[in-house]
Amino acid sequence: MSAPISFEAPRGMRDFYPEDMVWRNRIFDAWRAAAERFGFKNYDACVVESLELLQRKSGEEVSEQIYAFEDKSGRKLALRPEMTPTLARMVAARQSRLPFPIKWYTMAQCFRYERMTRGRKREHYQLNMDIIGSDEILCEAEILGAAVAAMREMGLPDTAWHIHVSSRALLGELLAKSGIPQDQHPAVFIALDKRGKISDEEIASLLRNEGLNDEAIAKTFELLAVTSLEGAAALAGEDSPALADLRKLFAMADEMGYGEILMFDIAVIRGLSYYTGIVFEAFDAQRKFRAIFGGGRYDSLLALVGGQPTPAVGMGFGDVVVGEVLRDLLGETCPIQRDGYLIGYMTDEQRPAALKLTAKLRAEGHKVDLSLVAQKPKHFFGKSGNSSALEAIYIGPDDLTAGAVQVKNLETREQRTLAL
C-alpha cells in the first residue's frame, strides 16, 4: 500500500488561501499603484530561462541556488532566480527599436533553492522596477521614490524603516587607494557582502584566498568603519565622481520628500556581480528582518549579454520580508478593508428579489457577495463577520411586503433603508 500523499506544499513553497491573499493583494496593489504613478510600464516574461544566461550574469551564491534541469531535447534550462538577466535579454533583443530611456516594471515569481531562514522561501514574488538608457542620478532617485511610495501605500510609517545607500564605485575607489588591485575588487565585494552571514574571520579567510595580504585585509575592514559621506570624502577626496553621485542622490531625495528615509551605509555591497555604481537596501528600523528591497546601478549588464553598452539602474522588492514587516508593525487583522455588500434571504420566495437587487448593485459597480442558500437571520448575520463586505442586506417576507430593505453597516452597526 502506497504512503498517503502529503497535503503540505513542497518545502520552501507557498499556498495562498483567501486570508493569505488579502495580505498578498495589499502588497501587489501597492506595488502596481506606485510603479504606474511614477510612469513605469508593465512587462512580463517566461519563468523558464537559459541556464547559461543565469550562470553568467548572477553572483556566485545565486548560481549555486538555481533550480536547473534539461528539457526533452537536452537544452539546459532553469527557473529564474531573479528578473534582471531576463530583462537584459529582452532589451538586448529589441535594443535598436526601443525608445530609450525606458522605465519598466514587473511582478515576477522567482525561485531559488537555498537554506530556509526567516524571510527566505524557495519561491517569492518580486516587484522589479528598472530604468534603462540613462546615466542620470535622477534614475536612482525615481526608483527609490517609487519604492517609498509603495511602502507608504501599504501603510508603513516612514519612521519604521530606512534605505541604506552606498556605491560600489566609491568602495572601488577606496580599495584602489588602499593598494588593492581592481581585478581583485569583484572578489572583495562578494566576500564583504557575506558580512553578517558569516564571521569576520571567515571573510578574512575568503579575502586571503583571493590573494589579499593581511595589511590589505585590515585596510578593507577599516573602510567598513566609515559611517558618513564626510568620512568617505576624507578618504576618497572631494574630487571623487562616486561621492558626487551620492551627494546628488541625497539632495534629490530631500527635494522629492523622502530624504529622511535615506542613510549612508558603506557596508551595503549587494551580492550580484553586475552592479557598478550606487547600490541600496531597505531595512526595518530595528533590523529585526532581512532586507525589504534592494538594487542599484548596473551599467555593464546589457553588454555582457551581447547588447550594446547601455546605462541602467533597477531594484527588486520581494513579497516575503515586507509581508512579515507588515504583520509585525500593523497586526494580523490590518489588511481587511471592508467594501461592498453581503446579501441574504430567508426563503426561496425572497430569492428573486435578492437576485434582482444583486444584479442592480453589481451593474452599478458594487461588489456583492450573494448567499447561495436561504438562511435564518441569526445564521446570516453570524457569518457576516467573516465577510469582507462593508454592508449587509437581509431580505425577509416583511421586506417584500414593504418594498424596502434595511442595509446594515457591519462596522458601525448603523442601518439605512433601501427601496427594492
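The values are calculated or read from the model by the stated rules, or taken from the named source; none is laboratory data. Keep in mind it's a predicted model, so treat the numbers as computed, not measured. Please note: Cβ atoms are built from the backbone with ideal geometry, for glycine as well, and neighbour counts cover all protein chains shown. Accessible surface is based on the protein model in full, side chains and every heavy atom, while ligands, DNA and RNA are left aside. Shrake-Rupley method; radii C 1.70, N 1.55, O 1.52, S 1.80 Å.
Selection of helices (runs of 4 or more DSSP H) fully inside the range 143-234 by the criterion of at least 1 residues being in contact (Cβ under 8 Å) with a residue 60 or more places away in the chain and closer than 30 Å to THR106 by Cβ returns 168-177, 185-193. The conditions of being loosely packed, with under 15 Cβ neighbours inside 10 Å and touching a residue at least 60 places away in the same chain (Cβ under 8 Å) are not met by GLU364. So, in the range 130-142, exactly how many residues are in a loop (DSSP other than H, G, I, E, B) and touching a residue at least 24 places away in the same chain (Cβ under 8 Å)? Qualifying residue count, the range 130-142: 4.
Within the group LEU272, LEU224, which residue is in contact with a Ser or Thr (Cβ under 8 Å, 6 or more places away or on another chain) and either modelled with pLDDT under 95 or among the hydroxyl-bearing types (Ser, Thr, Tyr) (or both)? After applying the criteria, what remains is LEU272. Of all residues in the range 382-407, those that are among the charged types (D, E, K, R) have Cβ atoms under 9 Å from Cβ atoms of residues that are assigned to a helix (DSSP H, G or I), 6 or more apart or on another chain, in ASP399/GLN350; ASP399/ALA353. A single member of PHE289, PHE283 is in contact with an Asp or Glu (Cβ under 8 Å, 6 or more places away or on another chain), touching a residue at least 60 places away in the same chain (Cβ under 8 Å) and either open to solvent by 10 Å² or more (accessible area, probe 1.4 Å) or closer than 14 Å to LEU156 by Cβ (or both), and it is PHE289.
Going residue by residue through the range 87-95, is there one that turns out to be closer than 28 Å to ARG14 by Cα and not hydroxyl-bearing (Ser, Thr, Tyr)? Talk me through it step by step, then tell me what you get.
Of all residues in the range 87-95, those closer than 28 Å to ARG14 by Cα come to 87.
Filter once more, keeping what is not hydroxyl-bearing (Ser, Thr, Tyr): 87.
Looking for residues that are closer than 28 Å to ARG14 by Cα and not hydroxyl-bearing (Ser, Thr, Tyr), one finds at least one in the range 87-95, hence yes.
For the range 158-196, a residue qualifies if it is in contact with a Phe, Trp or Tyr (Cβ under 8 Å, 6 or more places away or on another chain), over 19 Å from VAL313 (Cα atoms) and open to solvent by 10 Å² or more (accessible area, probe 1.4 Å), and the qualifying residues are ASP158, HIS162.
Against the numbered list (1) exposed (fewer than 12 other Cβ atoms within 10 Å of the Cβ); (2) touching a helix residue (DSSP H, G or I) at 6+ places or on another chain (Cβ under 6 Å), ASN386 comes up short only at (2). Here ASP328 meets the list (1) open to solvent by 50 Å² or more (accessible area, probe 1.4 Å); (2) in contact (Cβ under 8 Å) with a residue 24 or more places away in the chain; (3) touching a helix residue (DSSP H, G or I) at 6+ places or on another chain (Cβ under 6 Å) almost entirely, failing just condition (3). Take the conditions (1) in a loop (DSSP other than H, G, I, E, B); (2) in contact (Cβ under 8 Å) with a residue 12 or more places away in the chain; GLY294 misses just one of them, which is (1).
When residues in the range 247-270 are screened for being in a loop (DSSP other than H, G, I, E, B) and open to solvent by less than 30 Å² (accessible area, probe 1.4 Å), 4 of them pass.
Give the number of residues within the range 271-282 that are out of contact with any His (no Cβ under 6 Å at 6 or more places or on another chain) and not in a loop (DSSP other than H, G, I, E, B).
The qualifying residues number 4.
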